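The values are calculated or read from the model by the stated rules, or taken from the named source; none is laboratory data. Just so we're clear, the structure is a prediction, and the values are computed from it rather than from any experiment. All Cβ positions, glycine included, derive from the backbone under ideal geometry; neighbour counts span all protein chains shown. Ligands, DNA and RNA are stripped out before the accessible areas are found, and what is left, the full protein with its side chains, is counted by its heavy atoms. Shrake-Rupley method; radii C 1.70, N 1.55, O 1.52, S 1.80 Å.
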Amino acid sequence: MLDTTFDHAKAEARLYEAWERSGAFRPKDDPAAEPYCIMIPPPNVTGTLHMGHALNNTLQDVLVRFERMRGKAVLWQVGTDHAGIATQMVVERQLAQGGMNLSRRDLGREEFLKRVWAWKEQSGGQISNQLRRLGASCDWSRERFTMDEGLSAAVRTVFVGLYNAGLLYRDKRLVNWDPHFETAISDLEVENIEVQGSMWRIAYPLADGSGEVIVATTRPETMLGDLAVGVHPKDERYAHLVGRMVRLPLVGREIPIIADEYFDPDKGTGCVKITPAHDFNDFKVGRRHGLGLLNIFDSRARLNEHAPAAYRGLDRYAARTRILAELEAQGLLRGEDRQTMTQPHGDRSGVVIEPWLTDQWYVDAQTLAARAIAAVETGDTIFVPKNWEKTYFEWLRNIEPWCVSRQLWWGHRIPAWYAPDGSVFVAHSLAEAQAGARAKFGADVALVQDEDVLDTWFSSGLWPFSTLGWPQETPEYHRFYPTSVLVTGFDIIFFWVARMMMLGLQFTDKVPFSTVYIHALVRDERGQKMSKSKGNVIDPLELIDAYGADALRFTLASMAAQGRDIKLARQRVEGYRNFGTKLWNAARFTQMNECTLWDAFDPADVKETVNRWIVSEAVTAARAVSAGLEALRFNEAAGAIYDFTWGVYCDWYLELIKPILNGDDEAAKAETRRTAAWTLDQILKVLHPFMPFVTEELWGRLSEFGPARKRLLINEPWPVYPDSLLHPDAASEIDWVIRLISEVRSTRAEMNVPAGAKIPLLLVGADPESGLRLERYQAEIDRLARLEYSTTASEAPPGAVVIAFEAASIALPIADVIDIASERTRLEKEYKRLAADIGKIEAKLANPEFLKRAPEEVVAEQHERLADTQATRAKVGAALARLDTISG
RNA sequence: GGGCGCGUAGCUCAGCGGGAGAGCACCACGUUGACAUCGUGGGGGUCACAGGUUCGAUCCCUGUCGCGCCCACCA
């Protein structure tokens, strides 16, 4: 016999192990089965499970379990990402805190990488174990890591392929430079943050001493690298100065005043300093005007040897302070305005990004984007919800070259080798590069490999096919690529989704997935993105410990509606834990009532109305769940099974069958027991994708007194029912009973009928069925609503209030009504409201346009509604009349 | 500056042109042989505001206000 609650803490690990041992997580080996594949967005190998992971993987697991039960050969490809900067950052911090205050350079590349691998080995299992805690049924036997040999080979193949196709090149230009990590980063890794800053006005004297111009800048320290001053050609204030020279303060260099349409007369003073090596716009202007480049920063944004001696070695902000002081002293600082401005920050380091001139590798993203755009335009890949396509298009249509090299050590080393003369050989291996060099030089030359590694997202972008063995033609690749659905958050549409589309199409000629499901972000209470660096993370594991994985999963699935961020409420998780308990106790009830399974049971054979009704309802609910999941409407699917389980099966069915189970009709009793057990089984199956643990446990435990289960629930086929199991007649009859009981209950409560007292009921209805139904359901109705009834008017107690229920009437002993005045007020209010409702409906039904244009079923519905409302009003009116009789 | 989204019950949110919903919270009653992690009943909403389209608008369109996010080279 079951206990009164499900002990999730004890059961979850055991059940998970049983699933894994059964082989359920691996795709079934049936060539006839339709393949279904989801690629996990690989979490950082050294990361921990946060709420975003919990949501993301819950949704994937719901789909995967659903499709597996539907008989498909399901592969949920799992693995982790090496997460270049993030991981290197963690290990560097460990080093720095290790007592010796070591930097990675102190260790050297080889030793440092050993440490990173050691850290990966040590902490890499954590995220996997946490996914297991969540119940994720991914195929661990195929777990991959972006720096596995196979995936690394794919990276090299793609790099060489892009290079040979002319889609990848080395270029010297300004990049976003992170002075903390001392590496280039891509545009996407830059966060523009609004900060309070200043704009200073600085006088630059004309070289001939005949005057000065005032430039405005937010970055005075870069003036040491100024190569010109710019004005708009039509700006009358400065027209006469164009072509003349100014003497750069503190430096003494003479630089020209140039004119360019780019300069905005309305901004600042209309006169701007040009620093081509330290500003993206100035770089372009400088190139147009042949100004050259003067780099004044080193890799840590300290002033270098190109700055005047007094400033060399200073940090950029220290230099700023000193420069402002010196300008002030010389009387050249002409003002400071406080203002808000956006400043670029490294998304990992948090420091201000410096535009810096370096050699980097770039991918020609614009060319690759064309197919990625077309594939979504033609519907080869669709986004759900669809509006994300706009975001995707917008970004791809304005895409800039993708800087893929990073001056880090942790990652895929760039497969490019340099000869002493600087010529480059991009190849799959050193040997291949050497062969290339030999062909070029006619002799062996010493080659040095590029020191840099690739952007983490370069390898992530290959994930859908590299994990399947590409570039080798593996059976898995042929079977599961392109994949079915990608489930991810909108925050990585650019980082990841777009890159997979571009690289997938380029190298496989196929879209990597046919559907992209974009879910909301789980945010903190202020609507901010949860992230480890902000420290505002809610720990899903703590919720799992407290309420069980099922409760957390169900919460997330039911909140995965489109269009709103998720702010997680703890009480909601608790509510769904209670749902699990409710289900558990329903199962306990069936056990106590010997509702054992019967192998030969056929739901088509049931005779009792209440049983035909629940079969019909179960079919309807299961279909709603299927439809919801097919449409990726997780909240609707979850809602459908929740409502059926609690609101229909527990609240009504189990209550209505109690009289049968306690009665003498053995045939009805046997049928009801079997139906109750069968229906519960349907609930377990349909609920399983959402709440795998409690359903699996019950699936096992419920066979204690019946036939043994053939297999674990996770391996059960998803229920599909014929339409013949739908019974509208039974549905309408039980619906009548439910409404009668609800009505009586409500009346009892409102009229303060004492709990023990029974309500005399008088039937005077025109519906000849009413009496029969009442007779038929007497036991149930009496039990649930506690009423007595009579079928003739003469038996009604004298002085009773008559309240109509549909065609029947209920007579109540008025003596039990405590406050006639307040009851009267209430009824009058109700009476008026109903009159208004009736007016509205009648007006609608009298409107010829409505009758002409509205669909037939809508008109019929309104007629029904009118009749219902009128009947209710008559009932209330009668009650009012009786009140008058009594009190008057 | 451009784009996306959101404003529905005290709170967290569903609602996909035709009678305003759920969970929690609140109030009352209930310990009835599955379940107090429960049951029954109840109170509570000009669906942000203003126009428009429609026979009919919480839902579609436009505008306004408030909030959030993304993108962007605003000296």
Protein-only accessible surface order, largest first, of A:ASP29, A:ASP208, A:ASP837 at 1.4 Å: A:ASP29, A:ASP208, A:ASP837
Give me the Å³ per residue figure for the convex hull around the C-alpha atoms of chain A. 258
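For segment A:8-149, build the convex hull from the C-alpha positions and give me its volume per residue in Å³.
On the way: hull volume 18.2 nm³, N = 142.
Looking at segment A:8-149, the number lands at 128 Å³ per residue.
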State, as an integer percentage, the relative contact order of chain A based on alpha-carbon contacts under 8 Å between residues 6 or more apart. 12
Inter-part gap, Cα centre of segment A:360-438 to Cα centre of segment A:594-613, in whole angstrom, is 61
Quarter of the Cα convex hull surface for segment A:698-743, i.e. its orientation-mean projected area (nm²): 5.7
Counting only heavy atoms of protein chains, what accessible area per residue, in Å², does chain A have with a probe of 1.4 Å? 43
Probe radius 1.4 Å, ligands and nucleic acids ignored: give me the carbon and sulfur share of the accessible area of chain A as a rounded percent. 50
For A:LYS28, solvent-accessible area (1.4 Å; no DNA, RNA or ligand), Å²: 90
If the only charges are +1 at each Lys and Arg Cβ and -1 at each Asp and Glu Cβ, what is the size of the charge dipole of chain A around the Cα centre, to the nearest 20 debye? 1500
If one compares the long axis through the Cα atoms of helix A:499-508 with the longest principal axis of the Cα atoms of chain A, the angle in degrees, nearest 10, works out at 80
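Would you calculate, for chain A, the mean residue ellipticity at 222 nm contributed by helices, counting each DSSP H stretch of 4 or more residues as -39,500 (n - 2.57) and dividing by all residues, to the nearest 500? Don't skip to the end; give the middle numbers.
Numbers: 29 runs with 390 residues, N = 888.
Using -39500 (n - 2.57) per qualifying helix, the result is -14000 deg cm²/dmol.
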Shape call, segment A:196-267: gyration tensor on alpha carbons, a/c limit 1.5: oblate
Taking Cα atoms only, helix A:549-558 is inclined relative to the longest principal axis of chain A by an angle, in degrees rounded to 10, of 90
Suppose every K and R has +1 on its Cβ and every D and E has -1 on its Cβ; what is the size of the dipole of segment A:414-482 about the Cα centre, in Debye to the nearest 20? 220
Would you give the gap between the C-alpha center of segment A:626-655 and the C-alpha center of segment A:1-79, rounded to a whole Å? 21
Enter the angle in degrees (range 0 to 90, nearest 10) between the Cα long axis of helix A:692-701 and the first principal axis of the Cα atoms of chain A, meaning the one along which they spread out most. 40
Interchain or long-range residues, amide H under 5 Å from A:GLY197's placed H: A:GLN339, A:THR340, A:MET341
Using a 1.4 Å probe and counting only protein heavy atoms, arrange A:SER137, A:SER742 so the residue with the most accessible area comes first. A:SER742, A:SER137
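If DNA, RNA and ligands are ignored and the probe is 1.4 Å, what is the ranking of A:THR483, A:THR474, A:THR5 by accessible area, most exposed first?
Details: A:THR483 5, A:THR474 25, A:THR5 75 Å².
The most accessible residue leads, giving A:THR5, A:THR474, A:THR483.
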If one computes the Cα centroid of segment A:232-300 and of segment A:667-686, what distance in Å separates the two points? 83
Taking placed amide H atoms and a strict 5 Å upper bound, the residues 5 or more places from A:LEU75 or on another chain that come that close are A:TYR36, A:CYS37, A:ILE38
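What percent antiparallel are the DSSP beta bridges of chain A, to the nearest 5? Can you show the working numbers first?
Working: 60 of 88 bridges.
The antiparallel fraction comes to roughly 70 percent.
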